[in-house]
Amino acid sequence: MLMVFDIANTNIKIGLFDDELLIANWRISTGVHRMPDEYGIMLFNLLRKDRIAAHEVTECAISCVVPPLLTIFSEMMLKYFHVKPLIVGPGIKTGVKIRLDNPKEVGADLIANAAAAIKLYTLPVIIVAMGTATAFGTVSKDAEYLGGVIAPGIGISLEALYTRTSALPRVDLVRPKKAIGPNTIAAMQSGTIFGWAGLIDGIVERIREELGEKAMVVATGGYAQLIAKESKTIEKVNPELTLLGIKIIHDLNRQ
């Protein structure tokens, strides 16, 4: 079985593939101060919960945007699973032609998203990844990664409202009944949910205009399902897009 990791700033998504089938996936919080042994024990417990033996994990691939954790997870996989992971990064096959000023600047997760979108959807495609940041990736009809847009993430923006103001509370991200909030909490929910849907739609329209053609829009990330319901441009939601992309890249590089 192939275990893949999408190590992001807030959460780490873990997927387990049996051939082409994603048979299990988990999400844990990102902790740069955890040791390889802590992550190893955590993984053993997750596998045990789903009745999967550790020795069944024979391959591994990692996408990581938190550099200190790359060493920790590589060490953990070698120690606990006796597997050397494939690292998504420069020098490996991805199936994506990167057309940026500096290709090394592109996050491994964005490349994984592009690799999955190229295989799964009609090109051109705009990928909206809603995590710690809201990142837009644009893939041309020729499977070229052209670049994108990076905006603040929903979670950190809400947290900033709470920590940088005296009177605004922390709120649950639930869709309000209407845009005009009759109270502070509803007003904050409206500004966040409807505001982000509007931000996404506005940026998508600008990207489509620059491309000169209508591109499909695919959303992924923790907030994708919620915001997609209010967006006029998001056509597909794929919560596992990054995990699938990491697997695709792993398969391209399998010896």
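Where a number appears in this text, it was derived from the coordinates with a stated rule and is not lab data. Remember, it's a predicted structure, so these values are computed and weren't measured experimentally. Cβ coordinates were reconstructed from backbone atoms using ideal geometry, including for glycine residues, and neighbour counts include every protein chain displayed.
Between the helical axis of 241-253 and the longest alpha-carbon principal axis of the chain there is an angle of about 30 degrees.
Dividing the summed helix terms, -39500 (n - 2.57) for each DSSP H run of n ≥ 4, by the number of residues in the chain produces a 222 nm estimate of -12500 deg cm²/dmol to the nearest 500.
Can you tally the net charge around Glu230? Count Lys and Arg as +1, Asp and Glu as -1, for every other residue whose Cβ sits under 10 Å from the Cβ of Glu230.
+2
In terms of other Cβ atoms within 10 Å, Val128, Val66, Val32 run from fewest to most in the order Val32, Val66, Val128.
May I ask you to give the average projected area over all directions of the convex hull of the Cα atoms of the stretch 97-246, in nm² rounded to one decimal? Please list the in-between numbers first.
Numbers: hull surface 37.5 nm².
Answer in nm², one decimal: 9.4.
Projecting label points 7 angstrom from Cα along Cα→Cβ for Val66 and Lys178 puts them 4.3 nm apart. Straight-line reach from Lys97: taking Cα to Cα under 20 Å and skipping same-chain neighbours fewer than 8 places apart, the aspartates and glutamates in range are Glu105, Asp109, Asp142, Glu144, Glu210, Glu213, Asp251.
Between Glu209 and Val83, what's the calculated FRET efficiency when r is the beta-carbon distance and R0 is 51 Å? Round to 0.05.
The pair Glu209/Val83 has a calculated efficiency of 0.65.
Remind me, what semi-axes does the stretch 1-109 give for its equivalent ellipsoid, largest first in whole Å, using sqrt of 5 times each Cα gyration tensor eigenvalue?
Working: eigenvalues 118, 53, 30 Å².
In descending order, the three semi-axes are 24, 16, 12 Å.
With r defined as the distance between the Cβ atoms of Lys141 and Leu22 and R0 fixed at 30 Å, what FRET efficiency is calculated, to the nearest 0.05? Working shown, then result.
Working: r = 28 Å, r/R0 = 0.93.
That gives a FRET efficiency of 0.60.
Which of Lys13/Lys229; Lys49/Lys104; Lys93/Lys229; Lys84/Lys214; Lys84/Lys141 have a Cα-Cα distance over 30 Å? Check vs 30 Å cut-off fails for Lys49/Lys104; Lys93/Lys229; Lys84/Lys214; Lys84/Lys141.
Over all directions, how big on average is the projection of the convex hull of the alpha-carbon atoms in the chain, in square nanometres? Walk me through the numbers before you get to the answer.
Working: hull surface 60.2 nm².
Taking a quarter of the hull surface, the average projection is 15.1 nm².
If you put +1 on each Lys and Arg Cβ and -1 on each Asp and Glu Cβ, how big is the dipole of the stretch 116-179 around its Cα centre, in Debye rounded to 20?
Values: 7 positive and 4 negative charges, 72 e Å.
Around 340 debye, computed over the stretch 116-179.
Between Phe44 and Glu105, the C-beta separation translates, for a Förster distance of 25 Å, into a calculated FRET efficiency of about 0.10. In the Gaussian network model of the chain, springs joining C-alpha atoms below 10 Å, which of Glu75, Glu240, Glu213 carries the largest mean-square fluctuation? Between Glu75, Glu240, Glu213, it is Glu213 that shows the largest mean-square fluctuation. Please grab the % of Cα pairs in the stretch 1-44 that end up more than 16 Å from each other. Summing the P(r) tail past 16 Å for the stretch 1-44 gives 40 percent. For the pair the stretch 196-228 and the stretch 116-194, the centres of their Cα atoms are 10 angstrom apart. Please report the antiparallel percentage of DSSP beta bridges with both residues in the chain, rounded to the nearest 5. Around 60 percent of the beta bridges assigned by DSSP in the chain are antiparallel ones.
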